[in-house]
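Heads up, the thing below is written out as C-alpha cells.
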Amino acid sequence: MMRSMFTASSGLKAHQILLDVTANNLANVNTIGYKGSRAAFQDSLTQIQGVGAASSPGFGGSNSKQVGLGVTVGSIANQMGAGSFQVTGSTLDVAIQGDGWIRVGNGTPTSGNPTAGAPAGASINYTRSGNFTTNDKGYLITTDGFYVMGKVATDTAGTGGVADCYIEIPQGATDVAIAPDGAVSFIPPAGYTQPAALPAIGADGRAIAGYLSVSTFSNTPGLQRITNNRWSATAQSGTEQAGTPGGQYGQAIAGVLEMSNVDMASEFTTMISAQRGFQANSRVISTTDQMLQDLVSLVR
C-alpha cells in the first residue's frame, strides 16, 4: 500500500509542474515575442513481480509482470512556432517573418566608429521581441537596454564575413525607416559624416546606419531562456549562423510586432487536464490512507 502512496505522490509533483508550465504560458499570453513551453511526462521505474518465460513443450509461455513506480517530467520543450503579427505603425518596431533571431548584446560603442567594441560570442543574446527604441546617444536598443546588433552590409547567405556593428541614429536625423533587408536608414542632419565602414549616402539622400543582424540555429528549441524576452545559445542549440534579413533568413517587417505564440484554448485544456490528474492522484493517496487505517484497526 505504501507503494501506491509514493506512486501517487510522484503524480502530484508531475501534474504540479505541468500546471506551473501552463500558468507561465498563460501569464505570457500578451508578451511580445514569447515562445510557449510544453511539459511531457514519462513513466518512472517499474518493479518486476514475475519474469516472462518463453514457450516450451507443454507450456505456452508467459509475459512478465511489472508494477510501475510513478511518473516523472520527461521534458519541458520550447515551442518555437511563430506568433501572430500585430500592426503598431511605430517606426522602430520590427518583426521577422520567417527564420531568424535578432541579435542583441552589451558593449562599449564609439560614436562615429560603428564596429568598435562590438560584443561577440557568449555575450550575444537573441530575441524575437522587436519593440526597439533609441537611447540618449542615438543607439538602437531593446527596452531593457541591450544594444541591437547590426551588420555593416547585407549578408543574406550568412557567410560570416561581414563585420558586426552598433546601429547609431544621429541626433537631428529624420524619416527613420527599416527596410525588408534590415537596413536602418534615415535622412541625415546637416553636417553629418557617414562612417567609412558603412555604405555611402545614397542618391536619394538617405544614410544607412547598419543592417539588422539575425541568426539561425541547427536546433532552435535548444536555445535557453534568460529573461526579458532574451535567449542564449547552448551546446544543444548549436552555434549561430549570423546574417541579415532576406535569402535564407526571414524578412524584416517594420511597424509590426510578433506577439506570443501561446494558444489560450489549448492551455485551458491542459490546465483542466492537469487539475483532474492532480485530483485523481490525491484520491489515490486518500484511498490508500483509508486502507492503512483499516489495516491498523484489524488488531482492535
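Taking amide H positions as modeled 1.01 Å from N, with prolines and chain starts lacking one, the residues under 5 Å from Tyr139 and 5 or more places away or on another chain are Ile169. Separation of the range 5-39 and the range 220-267, taken as the distance between their Cα centroids, equals 21 angstrom.
Note on Phe6, Phe278: ascending count of other Cβ atoms within 10 Å places them as Phe6, Phe278, the fewest first. In sequence order, the range 178-189 has phi-based couplings of 10, 8, x, 8, x, 5, 9, 10, 7, 8, x, x Hz under the Karplus curve 6.51 cos²θ - 1.76 cosθ + 1.60, θ = phi - 60°, and Gly or Pro positions carry x.
Of Ala197, Ala252, Ala122, the residue with the greatest mean-square motion in the GNM of the chain, using alpha carbon springs below 10 Å, is Ala122.
Protection proxy ranking of 209-215, 171-177, 11-17, 269-275, by the mean of other Cβ atoms within 10 Å over each peptide's residues and highest first, is 209-215, 11-17, 269-275, 171-177.
In the chain, the DSSP-assigned H stretches of four residues or longer account for a calculated mean residue ellipticity at 222 nm of -7000 deg cm²/dmol, using -39500 (n - 2.57) per stretch and the full residue count as denominator. In this structure the amide hydrogen of Gly68, modeled in the peptide plane, comes within under 5 Å of the amide hydrogens of Gln47, none closer than 5 places in sequence on its chain.
Every number here is computed from the coordinates shown, using simple stated rules; none is lab data. Being a predicted model, the structure only gives us computed values, none of them experimental. When we count neighbours, we look across all protein chains shown, and the Cβ atoms used for this are built from the backbone with ideal geometry, even at glycine.
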